[in-house]
Structures are given as structure tokens and as C-alpha cells.
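Let me begin by presenting the structure, written as C-alpha cells, before commenting on it.
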Amino acid sequence: MADGGVAWSKSGALKIFNRLQKPVITKPNLGSRSRHTMIHINTPEELIVGFEKAKKLSPLVVIEEELRGYLFRGTLIGGKLAGVVRRDQPEVKGDGIHTVQQLLDEENKRSERNGPIFHKIIIDKEAEVELKRQNVKLSDIIEKDKVITFSQKTSRGCGGTTTEVTEITHPDNVQMLEHVAKFLNDPLIGVDFIIEDITKSWRKEQHCGIIECNSLPFIDLHHYVMFGQPKNVAGKLWNLVMPESKTEKLSS
């Protein structure tokens, strides 16, 4: 698990902040779907801003170390891993030729962004803050392969994307997720974790950790992916609840 703690007062939040490796994040102790969450916190002043933001939604605020790597959701049905997706922030990758605005316009032309699932990336106040944090303007030409993000969130509603990665998930990582399911003894769990390389073991030298477990995860994340083949997680859940109704199609 990511190192951290829970505080109900500013003094308690600062106490946790002072012992953690920076940067840290703040988020409501209650589930919030990334709302009122703040990342990249390095100073006490930023910590207070994040604390007050999370406090609007929850009496208790989580302060924890910000992990390096990509955000993943692993969904477990009946103690077994049913699917893993990578969840990315709304972003573009530089090519050394086009401006950020041009790259953004091209990304928004994706056919997937014309439906109800994946939304177009918009430049709002939050995006402006994120670009400023990266010291980037829309008119800048970005070096090849450098990633520019437009939000601190990975939500599809703000332009985030998902990629199916179950088949390339390292066996040690599968075992770790199933161990979590066994420990929690819950038939349906969505585990959010951050790891630098999903194809390598969490036991190796890479920065990683679980950030939260969800008792009512959105299984549609596995059915509607922008990249890769969808996983029929709903079918696996149906087969768990109604085993006498199992069909070859649902269990695929």
C-alpha cells in the first residue's frame, strides 16, 4: 500500500505530510471518482489547499505518498483476476513537429471520442493549471515522445483513456492481486494500483503500490476500452452469481 494516513484536522494532515516522501496526494476518505483529489503536492501550502479541497466532500482526508508509474484497475471476481486495464490521463505525445494545440486537435478526431464513453479533451481551467505546472503553452512544439497531460484525473469524462493489459500482466502481479482478494474475502473487488511496468514483477526494483480497493467497481471499464480487446467481466460476475446459468459465451 502507498505510505500515508488519514486526518480530520489541518495539524494532523501536516503531521502526516512532514513524515512522507514528496510529492504526496490528498483525497477524500470516501469514494469520490477522483473528485476533490489533488496530486503533485510538495509544500505545506499546497497540502493545505488539497486538504481543504478534499474536506468539502469528506470529514476525513487521506494523505499519502504519490507513486510513480501508471494507474491500473484490476477487477477480481470470486477471488480470481477477471481483467486489468491501464487508465491514462488525457494526454498527447510530442513529435517534435506539431504544436500542443495541433496534437490535441488530432487526438480529438478519434472516432472513439464521438460516442458516450470517451469524451474529447477540453481546455478548461483545470487543463490550464496542468499545462502551467508543466511549463507548457498550447503554441509550444514538444520534443518527440514527451507526454503532455491536460488533467490530473484519469476519468473518461475529462478525456482519459483505457487500455486492456490483462494478457501482459506479470504472473507475480496477478498473484498479488488475487492475494488481496483472498485477504478481503469479497467476491467483487476493484483494486486501483500504480506500477511502472505491468509486464514486470512488483517484487522487482520498481516503484509501485495499491492506492485503494473498491467494493462496487465500474466493471464497464473492461467492456469499453479505447485500446485492446474488451474483457467480458460482466459474464464472469453473472456466472459467479448464477452458476447454473453458465454459458460458453458468458464465460469467455
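In this structure, the residue pairs whose Cα-Cα separation is over 27 Å, taken from LYS15/LYS132; LYS53/LYS146; LYS93/LYS120; LYS55/LYS125; LYS93/LYS200; LYS22/LYS146, are LYS15/LYS132; LYS53/LYS146. Under 5 Å from the amide H of GLY83 lie the amide H atoms of THR75, each residue being 5 or more positions distant or on a separate chain, with H modelled from the backbone and absent for Pro and chain starts. Taking every protein chain into account, the 1.4 Å probe leaves LYS27 with about 20 Å² of accessible area, to the nearest ten. In whole percent, how big is the carbon plus sulfur part of the accessible area of the chain, probe 1.4 Å, protein atoms only? So the carbon and sulfur contribution to the accessible surface is 54 percent.
With the biggest extent put first, the Cα atoms of the range 93-187 measure 51, 29, 25 Å across the principal axes. Across the range 126-134, computed HN-Hα scalar couplings (Karplus, 6.51 cos²θ - 1.76 cosθ + 1.60, θ = phi - 60°) run 5, 5, 4, 5, 5, 5, 5, 4, 8 Hz from first to last residue, x flagging Gly and Pro. Residues LEU81, LEU30, ordered by accessible area of protein heavy atoms at a 1.4 angstrom probe radius and largest first, appear as LEU30, LEU81. Relative to the Cα centre, what is the charge dipole magnitude of the chain, using +1 at the beta carbon of each Lys and Arg, -1 at the beta carbon of each Asp and Glu, and rounding to the nearest 20 debye? For the chain, the charge dipole is close to 480 debye.
Remark on THR99: its backbone amide H falls under 5 Å from none of the residues 5 or more positions apart or on other chains, H modelled at 1.01 Å from N.
Between ARG68 and ASN18, what FRET efficiency follows from the Cβ-Cβ distance if R0 is 25 Å, with the result rounded to 0.05? Mind showing how you got there, number by number?
Details: r = 21 Å, r/R0 = 0.84.
Given R0 = 25 Å and the Cβ-Cβ separation, E is 0.75.
Residue-wise HN-Hα couplings along the range 6-18, as the Karplus relation 6.51 cos²θ - 1.76 cosθ + 1.60 with θ = phi - 60° gives them from phi, are 10, 9, 10, 10, 5, 5, x, 5, 5, 5, 5, 4, 5 Hz; Gly and Pro carry x.
Long-range amide H contacts for ILE189: which residues qualify at under 5 Å (H placed 1.01 Å from N, peptide plane, sequence gap of 5 or more or a different chain)? Result for ILE189 returns LEU76. Centre-to-centre separation between the Cα atoms of the range 1-70 and those of the range 167-216: 22 Å.
Ligands, DNA and RNA excluded, the heavy atoms of ILE141 present near 100 Å² of accessible surface to a 1.4 Å solvent probe.
Average accessible surface for the range 101-252: 60 Å² per residue, computed with a 1.4 Å probe over protein heavy atoms with every protein chain in place. Its Cα centre serving as origin, the range 96-237 has a Cβ charge dipole (Lys and Arg +1, Asp and Glu -1) of approximately 140 debye. With θ taken as phi - 60° and the Karplus curve 6.51 cos²θ - 1.76 cosθ + 1.60 applied, the whole-hertz 3J(HN,Hα) list for the range 141-148 is 9, 9, 4, 4, 6, 6, 8, 10 Hz, x standing for glycine and proline. Of the residues SER155, SER58, the one with the largest accessible area comes first in the ranking SER155, SER58, computed with a 1.4 Å probe on protein heavy atoms. A straight chain from TYR224 to GLU178 at 0.36 nm per residue would run longer than the Cα-Cα distance by 14.2 nm. In terms of accessible area, using a 1.4 Å probe and ignoring ligands and nucleic acids, HIS222, HIS179 rank largest first as HIS179, HIS222.
The values are calculated or read from the model by the stated rules, or taken from the named source; none is laboratory data. The model shown is predicted, which means the values in this text are computed figures rather than measured ones. Virtual Cβ from ideal backbone geometry, glycine too; neighbours counted across all protein chains shown. Heads up: the accessible areas ignore ligands, DNA and RNA and are worked out on the full protein's heavy atoms, side chains in. Shrake-Rupley method; radii C 1.70, N 1.55, O 1.52, S 1.80 Å.
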